[in-house]
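Structure first, then comments.
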Amino acid sequence: MMHQINVGEDLRERNREIADENREMLRSRGIFSLNIMSAPGAGKTSLLVRSIPLLMEKYRIAVIEGDLQTTRDAERVAALGIDVHQIQTGGVCHLDASMIHSALHQLDLDSIDILLIENVGNLVCPAEFDLGVDARVMLLSITEGDDKPKKYPLMFSESRLLILNKIDLLGMVDFDLEKARKEAKDLNPGIEILELSCRTGEGIEAWTGWIERLRSESGAY
């Protein structure tokens, strides 16, 4: 008789259980949390560096940084004067709930209003793992091409917000904004979409405003 064990499903189920623990840990302390996902080089760290000073005017901010190697991104964010916890995943292409659970125990949760998680740069794996946050955010730079929503559907299907970054380069690359918007909406009719440039600052206030609105709508904060 052959016995089959679905290791992948067992791992995902365990991840869901830990994600629920993370969610309760954060919500019980009134912490609003976001999981920011993208391909490498799309601008996640630049987004944080641009927007955190605005958020710090009203809120206490902390960041969990996920990277395969090095602490360079964490150092850029820590220079803003906030609490940053670095997770080096080695060869793992995503953060999972257990990594976040360990990080939460290293942070002073009573001194945080908003927790921003910068996931590992990858367009596949991060969307498969619930971290226990309030919402997922997908960052797509226009230099990557407008075909990404249909090529990597899970990332867009699982996200509450799509940010189209590097719009200052429109006209220099072949990127159809309307096509990207339509394909993202085809996959996820409820997804919200913002356009911005981390380099020029255009649209950054719309992003921080979105965070404030969603935090308020959650009702627990």
May I ask you to derive the relative contact order of the chain, considering only C-alpha pairs under 8 Å and at least 6 residues apart, and to give it as an integer percent?
-> 24
Sorted by mean Cβ packing within 10 Å, highest first, what order do the peptides 144-153, 170-179 take?
-> 144-153, 170-179
Return the subset of K58/K182; K44/K185; K44/K148; K44/K179; K58/K150; K58/K148 for which the Cα-Cα distance in this structure is over 28 Å, preserving the input order.
-> K58/K182; K58/K150; K58/K148
Tensor-based shape of the chain (alpha-carbon gyration tensor, a/c under 1.5 rounded, otherwise prolate or oblate) = oblate
Solvent-accessible area per residue for the chain at a 1.4 Å probe radius, Å²?
-> 47
For n ≥ 4 DSSP H runs only, could you compute -39500 (n - 2.57) per run for the chain, divide by its residues and tell me the 222 nm figure to the nearest 500?
-> -11000 deg cm²/dmol
Pulled fully out, how much extra length does the chain show between E212 and A78, if you take 0.36 nm times their separation in residues and subtract their Cα-Cα distance?
-> 46.1 nm
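The values are calculated or read from the model by the stated rules, or taken from the named source; none is laboratory data. Here the structure is a predicted model, which is why all the values come from computation and not from measurement. Using ideal geometry, Cβ is built from the backbone for each residue, glycine included, and neighbour counts are taken over all protein chains shown. Heads up: the accessible areas ignore ligands, DNA and RNA and are worked out on the full protein's heavy atoms, side chains in. Shrake-Rupley method; radii C 1.70, N 1.55, O 1.52, S 1.80 Å.
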